[in-house]
Every structure is written in structure tokens, then in C-alpha cells.
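Since the structure comes first, as C-alpha cells, the remarks are kept for the end.
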Amino acid sequence: MLFSTTGLSVTMANMKDENLQGSISISSKGVGYFDIEGRDDSIEIQPQYVNRALHGDTVEVVLTNEKIRNRDQGKVVRVIKRARDEFVGVMMVKDGKTFVSPDDKRLYVDIPLLDGEVAEAGNKVLVKIVDWETLSGKIVKVIGKKGENNTEMESIVLEKGFRIEFPHAVEEEAEKIKQEYVKNFDVEVKKRKDMRGITTITIDPDTAKDFDDAISFQDLGDNKYEIGVHIADVSHFVTPGTELDRESEKRGLSVYLVDRTIPMLPEVLSNDLCSLNAHEDKFTFSAVFTMTGDGEVLTEWFGRTVTHSDRRFTYEDAQEVIDGKQDGPYQEELRTLRNIAQKLEKKKVQSGAMVFETDEVKFLLDETGKPIKVYKKSRLETHKLVEEFMLLANRAVAKFIYDSQIKDLKKKGSQSVYRIHPAPDVDRIQSLAVFMKAIGFELKNKDGKVTSRDLNELLAQAKGTPNEDLINTATVRSMAKAIYSTKNIGHFSLAFTYYTHFTSPIRRYPDVLVHRFLERELNGGKIEIDEYSKFERICLASSELEKKASDAERASIKYKQVEYMMDHIGETFPGTITGVTEWGIYVEEKETKCEGMIKIRDLGDDFYQLDEKNYTIRGEKTGKKFTLGDSIKFKVVSADMEKRVLDYGIVN
């Protein structure tokens, strides 16, 4: 609510005879908005001039030299590229005609169905537009009855463009891979470093079904330890040119909703062959470090291994062992790993890495999927333990690949996939600084330029204050998104010069590519020049898919929060103001983080106006004000499952 952006922007360099090309945003009223870099206001396009363009489409726009409410007007003269052609909606029948009312209200018209396309009214369906002149479509899939949990969760996934079922050819190929794995296991083991005799554990959420990373530990004496980060060797099974590889690239990643996971790989791989299940020998790709108790890396080794997980820990189980609340083996190993991880974290922060303490919302669901409890998940020492060793491996692999390419100038075609995080946009930082000043905090910056240390100082100021969550959220929203790229520019928030994703190939396709790059470097191979554009294309696509998956996850959380609050209408809760607008204030419940809106007309007997400069809504007669970060009491007035919105009322 604090900072917003729209679509892609275009620069004046895109202009040709006053025609502009770029992405269009569409409101639920069918009004289009088109951004040009360097202009504060979007070009507005009235519904009659949208020319059947849909939200996110790449279009060509011409200015009309008209203004409405002092906003420049334009019209779409051509749709260059469709953002999507499939939509989820509710099947409707009226006057003998069938059509689909889309869930995404930015699709401002109903979709008429072609003759012969029918489904039961009230069912949700996935429809594909096949006639762009009339925006008519055909049914791809009948999802289920509107309002049912499974239907709504599947609708979220399909609406974001992801698929649930795997093609038959992919499932068939995966089964054949399993047969080959069993047949050739002993032969393959001889090609790998055998680490099955070394203590190895996994630490994951209690709901995890696949385990793509494990940590091994060996005390070498004299305050030295061998610590291995072992990652499922997905690239051994998923090889270039196969149906499985093509499907994995298309999916890009696993999608995590409140009550389910849509995996990137078929179950025979994700939960079986590639999953580092306890008490099973598994093929892994490993980064093995000799380290001191102070977190200093003395040596590193990368290569293919075979490992054996001795114990599957949940984060909570491992924490209880560390705290001495649970008897059993591995206490010494876990405590030493915890101590080294703390040293790694301290060094990371001293180097300028940002530390965000954000709350994660979790749900307790009944057998029908209905939420009966919403709570904030605690962040334990064991979460940080795993995180620090995964960061260590990711960083080391990125640096190894980068250094290997620099040393061998003959490998001019070599490259990798990096996880980069650009510095924040100057305008956003300036807006953040103004906002911070308005609520009593200072963000050091030089004309909108900041270092990660500057932002850390701000977060330190907020620590323990009522505004801590608000400032954390505002800071995150002001920053650029981390993305995948073939060009290494470092990672701003981690303050790493080299960083990649190596540790989750079961659920992220870029990690599979990194494994392939690492293998080539270890074996002296190279990537051909003509592959440059291919991998950059995959990076762009993976970054976009990641955003869609994140949107799907948030949509499922919001749906369950609204569903939870339906049973609490009329009840009073403590909340924090998280957004102020000219039409009302947004309030977040403190424990469940369920956000709703109090309409400005419901604030009381006064005329309230928005004071944008001070992020406040103020009463004209009483002077009463509502400011970002304020704690207030509210009651739940209504919950709309279809729109996924909550209406709150003020409690004086």
C-alpha cells in the first residue's frame, strides 16, 4: 500500500512518429494505463480506445493530444504481443448463451464461448481465447464447483499460467529414469566420491515432502571441521534435450500454496529419486568445506558424491536438540553447526548484508482445507543454521565458476546463471526517505543512492519499536527484485560480489543449470557462444515465473485469511495501519496479519482528507488523524471470498 508500480515502462527512445510501444495495464473498469519513463503520470486510454488489448499485453499506443482531468489521453492502435490467452472464470448461462465471467476483473469483459462449448453453470473453468476479434474462447478444463477449496486453490494456480498435471510423455520418461537408476546404481556409485560413512542430516519444515539439501559434519580435531553441503543431483536425471528437461524449463519452479505444492518435477523424481530421504543412499552434487570453529573456510571441494542421510530433522526437532530439550544423538554436531553458522552470519552482517526479520504466516487447516488457526511462524536458530550454510555453498559455487572462467581465457564462451540483486532505484529510495522522516526515522542517502549499511542502520533504528514491521515492509517494497541473469553484478542486499542458486534444483530450474555449469567447469568443458542468448532468455523467463509463483502464493494466503475472518465477523481485534489512501485506511491484524480496509466514510462524523506528505488521514473538524504505523482497534464488518477482500470498522 505504501509504494506502487505499474507494468513495464517505455522510454522516449521507443517513440516513432509519436507511436509508443510497451506494456499496458488495465483497470477493472476497462481503462488502460501506459507508462513512459521520465513521466510521473501514465497515459490514460479510455475503454473505447483500448482496442481489445488486455492487461499486460504489449501494445502500440498513439497520443491523441487530448486531456481528461489533466491526464494525457491515448489510444491503442495495435496489439503487438498477447501476455496470455488462458483465463479462469465462472461458467454462466444467460438468455441461452454461454460465457465465462473471469476471476481477474482486469479482463473487463465476459468471454463468450464458441458453439458446443458447455459446462455446468456455477463451475469454474479454464478458458482459452481463440478468436481475438470477438474475444471468444473454448473450455480447456473444468476445474470444479465455485467456492470449494480444491477448486479455488487450483484456480489460483491455473490463473497464473501454471499447470498441475504432467504430460504423459514426461511421466513415462520419469518412470524409465527410475528403472535405469536401479539398474545402474552400483556402476554410477564408483564414479562418485563416497561420503556415506560421514554423519549427514537434513533439516526441513515439518510439512516437507522432498528434501533437496543435506549437511554432513566431521570433527577433524584442532578446531577444524569438514562440513559438506549436499544437494540432490537433479542434473544427473534431468538431461538436456529430454521431455523432462523441456517440461522443467517450462514450469521453471515449484509453486507453493497454503495447502499444497505444485512440483516442478514428477513425484517419482521430486519425492523419490532426487529426495534425500533418511536412511537411503542418494546421488548428490556437493560443496565440501574444511572450516575452523570461527567460520573461516580453509579449503573447498566441489563434485558429485553419493551420500546417506542418517536423520531427518524438522526445524523444531533440531532446535529442541540444540536447547537440550530433546535427548538423543547429534547434539554436539548441531550445536557446533549452530555456532559456526552464527559466526558466518556475523561476518555477513559486518560486510553490509541486510537482515530482515519478516513474519511468515502459517495456517492450521481442517480436513476440508478450512483454516481454523492463523499464526506467525517463529524464526528459530535452526532456520538460520541451514540458511547460512546454503548461502555459503551458493556463494562459493558462484565464485568458483566465475574465477575458473577468468583464469582460462580460452573459455570465452563460458558463463553461468547468477542470482543478482541490483541497487535500489533512486526515486524509490527518495520516496522511502520522505516516508521515514514523516514517521520519525532517518534514512541516510545521497541523492537517492544508498548502501546496504545505510538501510541496515534504518532497520536498526526501527528494531523493537511499534513501527518495526511497517518499516521492514516499506524497505523491502522500495528495493529492486532479485532476478536471474547471465551477467554477474553482485547481490545488493546480501552484499555478495558473487552469488547464485545451487541448493534447490528439485524446485528451481536455474539451479539445475548451475549444476550443469559447475560440472562443465570441473571437467574443463565450455559453453558455445551461440548458447549465450538461450541462457539469458531462460533467466528472464525464470525471473518472470518466480514472480507469478509468488503472486499465486500470496493469493492463496489472502484467500485463506479472508476465509478465516468470515467466522469472526463482528469481533474486535488489535491492528496496525499499513496504508492510507483517499478512499480509506488499510489495517493489518497483529497476530494473523489479515489485512482489510476501513472506508473513509466509516471513520465517523467528520470530513476526512488525505495528507499525502505525512501519510495521514485527518478529520477537518476534530483534527483526529490516522497515520501509517498507528495501532488501532477494529472490528470485522464483512468478508468477500470472491473478491478476496475484508471490510473493517473502526472501534473507538
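The values are calculated or read from the model by the stated rules, or taken from the named source; none is laboratory data. Quick caveat, the model's predicted, so the values are computed rather than measured. So basically every Cβ, Gly included, is an ideal-geometry build from the backbone, and we count neighbours across all protein chains shown.
Which residue out of 331, 405 is in contact (Cβ under 8 Å) with a residue 24 or more places away in the chain and under 30 Å from residue 192 (Cα atoms)?
On the way: 331 fails: in contact (Cβ under 8 Å) with a residue 24 or more places away in the chain.
Of 331, 405, the one residue that is in contact (Cβ under 8 Å) with a residue 24 or more places away in the chain and under 30 Å from residue 192 (Cα atoms) is 405.
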Over segment 603-632, the set of residues touching a residue at least 40 places away in the same chain (Cβ under 8 Å) and exposed (fewer than 14 other Cβ atoms within 10 Å of the Cβ) is 604, 613, 631
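Residues are listed down the side, and each one gets a yes or a no for (1) out of contact with any Gly (no Cβ under 8 Å at 6 or more places or on another chain); (2) closer than 30 Å to residue 283 by Cβ; (3) surrounded by fewer than 19 Cβ atoms within 10 Å (Cβ to Cβ):
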| position | (1), (2), (3) |
| --- | --- |
| 114 | no, no, yes |
| 118 | yes, no, yes |
| 121 | yes, no, yes |
| 126 | yes, no, no |
| 138 | yes, no, yes |
| 145 | no, no, yes |
| 152 | yes, no, no |
| 172 | yes, yes, yes |
| 176 | yes, yes, yes |
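What is the residue count in segment 245-273 for residues that are among the hydroxyl-bearing types (Ser, Thr, Tyr), assigned to a helix (DSSP H, G or I) and under 15 Å from residue 211 (Cα atoms)? Show your work before the answer.
Residues of segment 245-273 that are among the hydroxyl-bearing types (Ser, Thr, Tyr), as a first pass: 248, 254, 256, 261, 270.
Now narrow it down to the ones that are assigned to a helix (DSSP H, G or I): 248, 270.
Then keep just the ones that are under 15 Å from residue 211 (Cα atoms); that gives 270.
Qualifying residue count for the region: 1.
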Take the residues in segment 197-230 that are polar (S, T, N, Q) and free of Cβ contacts under 8 Å to residues at least 24 places away in the same chain, then tell me which one is farthest from residue 266 (Cα to Cα).
218
(1) surrounded by 20 or more Cβ atoms within 10 Å (Cβ to Cβ); (2) under 29 Å from the mean Cα position of the chain (by Cα) all hold for residue 342 apart from (1)
Taking only segment 606-628 into account, find how many residues are part of a loop (DSSP other than H, G, I, E, B) and touching a Gly at 6+ places or on another chain (Cβ under 9 Å).
6
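Please go through segment 560-584 and give me each residue that is of a type in the set (A, V, I, L, M, F, W, C) and at pLDDT 95 or above, ordered by number.
Restricting attention to segment 560-584, the residues satisfying the condition of being of a type in the set (A, V, I, L, M, F, W, C) are 562, 565-566, 569, 573, 577, 580, 583.
Selection gives 562, 565, 566, 569, 573.
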Complete set of residues in segment 567-593 that are out of contact with any Ser or Thr (no Cβ under 9 Å at 6 or more places or on another chain) and either within 24 Å of residue 147 (Cβ to Cβ) or surrounded by fewer than 20 Cβ atoms within 10 Å (Cβ to Cβ) (or both)
567, 568, 570, 571, 572, 579, 581, 582, 583, 591, 592, 593
Return the total of residues in segment 281-303 being surrounded by fewer than 18 Cβ atoms within 10 Å (Cβ to Cβ) and under 12 Å from residue 193 (Cα atoms).
2
Conditions (1) at pLDDT below 95; (2) surrounded by 15 or more Cβ atoms within 10 Å (Cβ to Cβ); number of the one not met by residue 368:
(2)
Qualifying positions in segment 336-381 - more than 25 Å from residue 560 (Cα to Cα), outside any loop (DSSP other than H, G, I, E, B) and of a type outside the set (A, V, I, L, M, F, W, C)
336, 338, 339, 342, 343, 345, 346, 347, 348, 350, 381
Can you name the condition, by its number, that residue 306 falls short on among (1) within 22 Å of residue 379 (Cβ to Cβ); (2) crowded, with 18+ Cβ neighbours inside 10 Å?
(1)
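For segment 119-167, name all the residues that are among the hydroxyl-bearing types (Ser, Thr, Tyr) and within 14 Å of residue 559 (Cβ to Cβ).
Keep residues of segment 119-167 that are among the hydroxyl-bearing types (Ser, Thr, Tyr), which gives 134, 136, 151, 155.
The answer is 151, 155.
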